[in-house]
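Below is one structure. I have some questions about it.
The values are calculated or read from the model by the stated rules, or taken from the named source; none is laboratory data. No experiment lies behind these values; they were computed from the predicted model shown. All Cβ positions, glycine included, derive from the backbone under ideal geometry; neighbour counts span all protein chains shown. Keep in mind that these areas ignore ligands, DNA and RNA; they rest on the heavy atoms of the full protein, side chains included. Shrake-Rupley method; radii C 1.70, N 1.55, O 1.52, S 1.80 Å.
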Amino acid sequence: MKIAIGGMVEPGSTRVNKTGSWRIYRPLYHRDKCIKCGICSMLCPDSSVKAQEDGYVIFDYEYCKGCGICAYECPKDAIEMVLEEK
Amino acid sequence: MSRLAPGHRGCPGCCDAMAANFVLEAAGDDIIVVSPTGCLEVMTTPYPESAWEVPWIHSLFENAASVAAGIESALKALGRKGNTKIIALAGDGATMDIGTLGLSGAFERGHDITYVCIDNEAYMNTGVQRSGGTPYGASTTTSPTGKESFGNRTQKKNMPAIMAAHGAPYVTTTSISYPKDMMRKVKKAVDIEGPCYIHAHAPCSTGWRFESSRTVEIGKLAVETALWPLYEIEYSEITGVKKIKNRKPVEDYLKAQGRFKHLFTKEGGEKEIAKIQDIADWNVKHYELE
């Protein structure tokens, strides 16, 4: 491997590492219960719960590690953790 | 709004990633981030990748504050400081043990930097060895519980008090479980000219042994039991305190974590719990939390 001067690397380049493969439980979104509070997207350590323009969220299963914080903290139980099937 | 890029190697439910995200959201894009050795450093920058989308530098374990001070001085000397904020994001080991000397020097000289300590109360990156941030009674790999031992024998070092003693314009505690509180304090700190210190409590599911989904809940329990008081200090005077309504007993916080399990299963554990309750009671009195 060639090391760049100062060990410089491209910004955001961890995206090549698809951490979704780590997941054991998958967040399942119940859109009808969602009140668009945004807590899930604010807390997600993997930037994998993304708030849309209309306030609802989408999950990025390429990177979501299934930690379950979004489901645990959701005030309306709009997110449910289900066993991942691969 | 920038955050860490996904694909970083933080554990599921990582408190460091959450802390970094809150800092990035609050501080804006015109920032330079310095991280010493630690979980945040290794998990965001496995060469040749980086999860950062703002300028970020790592040098050594002990010199995050010195590097931040150097960047600030260099930008000023070149006439290029402008509105750029220099932020150090460091763990408790780098802050409270290994980098204290450089941190003290930077604050003494009065550089315009914001130093954020993400305190998960042990060296998690290398396998949960105790640090100056490890609380009394916690079992770690270098303060294990056993036949005679009830875990860590020393009290958590009061690092905010040490930083406040420098007469810094702003020293504050916060918690990743209160994102709005943390973001407000980060914003306030970066807007203040001079050295500011933010000490963020950060529950680590791997090191503290609880389910990854409960990271936020555990941090709230630390605040609600008064084991982690939230306060602000300006020029050595306490100027803001988050009051606690209906304070919970420390057992509520301790029993939720594997690192304190021995306090509930070993004979004599209740005496140790009483000592930890004394720490919470002292916090309530000292910081006038009720």
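Take the residues in the range B:25-38 that are of a type outside the set (V, I, T) and open to solvent by less than 40 Å² (accessible area, probe 1.4 Å), then tell me which one is farthest from B:M96 (Cα to Cα).
If we filter the range B:25-38 for residues that are of a type outside the set (V, I, T), which is where we start, we get B:25-30, B:35-36, B:38.
Keeping just the survivors that are open to solvent by less than 40 Å² (accessible area, probe 1.4 Å) gives B:26-28, B:35-36, B:38.
Numbers: B:A26: 24, B:A27: 24, B:G28: 27, B:S35: 14, B:P36: 12, B:G38: 13 Å.
So the residue we want is B:G28.
Pairs under 6 Å by beta carbon, first residue surrounded by fewer than 17 Cβ atoms within 10 Å (Cβ to Cβ) in the range B:216-238, partner assigned to a helix (DSSP H, G or I), six or more apart or different chains?
Close Cβ pairs satisfying both conditions: B:S236/B:A164.
B:A88 passes all but one of (1) within 30 Å of A:K50 (Cα to Cα); (2) assigned to a loop (DSSP other than H, G, I, E, B); which number fails?
(2)
Go over the candidates A:V57, A:V9 one by one and state the one that is within 8 Å of another protein chain (Cβ to nearest Cβ) and open to solvent by less than 80 Å² (accessible area, probe 1.4 Å).
Details: A:V57 fails: within 8 Å of another protein chain (Cβ to nearest Cβ).
Result: A:V9 is the single residue among A:V57, A:V9 that is within 8 Å of another protein chain (Cβ to nearest Cβ) and open to solvent by less than 80 Å² (accessible area, probe 1.4 Å).
B:A74: on the phi < 0 side of the Ramachandran plot, of a type in the set (G, A, S) and open to solvent by 40 Å² or more (accessible area, probe 1.4 Å), yes or no?
Details: on the phi < 0 side of the Ramachandran plot: yes; of a type in the set (G, A, S): yes; open to solvent by 40 Å² or more (accessible area, probe 1.4 Å): yes.
Here the answer is yes, as B:A74 does meet what is asked.
Just to confirm my filter: which helices (runs of 4 or more DSSP H) fall fully inside the range B:201-271 and include at least 2 residues that are under 14 Å from B:Y136 (Cα atoms)?
Numbers: elements: B:205-208, B:215-224, B:250-254, B:262-265.
Once the helices (runs of 4 or more DSSP H) in the range B:201-271 are filtered for at least 2 residues that are under 14 Å from B:Y136 (Cα atoms), what remains is B:250-254, B:262-265.
Among the candidates A:V16, A:V49, A:V82, A:V9, single out the residue that is in contact with a Cys (Cβ under 9 Å, 6 or more places away or on another chain), over 16 Å from B:R214 (Cα atoms) and either modelled with pLDDT under 95 or β-branched (V, I, T) (or both). Working first, answer last.
Numbers: A:V16 fails: in contact with a Cys (Cβ under 9 Å, 6 or more places away or on another chain); A:V82 fails: in contact with a Cys (Cβ under 9 Å, 6 or more places away or on another chain); A:V9 fails: in contact with a Cys (Cβ under 9 Å, 6 or more places away or on another chain).
Of the residues listed, the single one that is in contact with a Cys (Cβ under 9 Å, 6 or more places away or on another chain), over 16 Å from B:R214 (Cα atoms) and either modelled with pLDDT under 95 or β-branched (V, I, T) (or both) is A:V49.
Taking B:G194 and the conditions (1) in contact with a Gly (Cβ under 9 Å, 6 or more places away or on another chain); (2) part of a loop (DSSP other than H, G, I, E, B); (3) crowded, with 17+ Cβ neighbours inside 10 Å; (4) not hydrophobic (A, V, I, L, M, F, W, C), which numbered condition does it fall short on, given that it satisfies the others?
With (1) in contact with a Gly (Cβ under 9 Å, 6 or more places away or on another chain); (2) part of a loop (DSSP other than H, G, I, E, B); (3) crowded, with 17+ Cβ neighbours inside 10 Å; (4) not hydrophobic (A, V, I, L, M, F, W, C) applied to B:G194, the lone miss is (3).
Of these, B:S2, B:S35, B:S50, which one is of a type in the set (S, T, Y), more than 7 Å from every other protein chain (Cβ to nearest Cβ) and over 22 Å from B:A106 (Cβ atoms)?
Details: B:S35 fails: over 22 Å from B:A106 (Cβ atoms); B:S50 fails: more than 7 Å from every other protein chain (Cβ to nearest Cβ).
Going through B:S2, B:S35, B:S50 in turn, the sole match is B:S2.
Then there is this: Filter the range B:39-67 down to the residues that are in a helix (DSSP H, G or I) and open to solvent by less than 20 Å² (accessible area, probe 1.4 Å) and list them by number. Please lay out each step first, then the result.
Restricting attention to the range B:39-67, the residues satisfying the condition of being in a helix (DSSP H, G or I) are B:39-44, B:64-67.
Within the range B:39-67, B:L40, B:M43, B:T44, B:A64, B:A65 meet the criteria.
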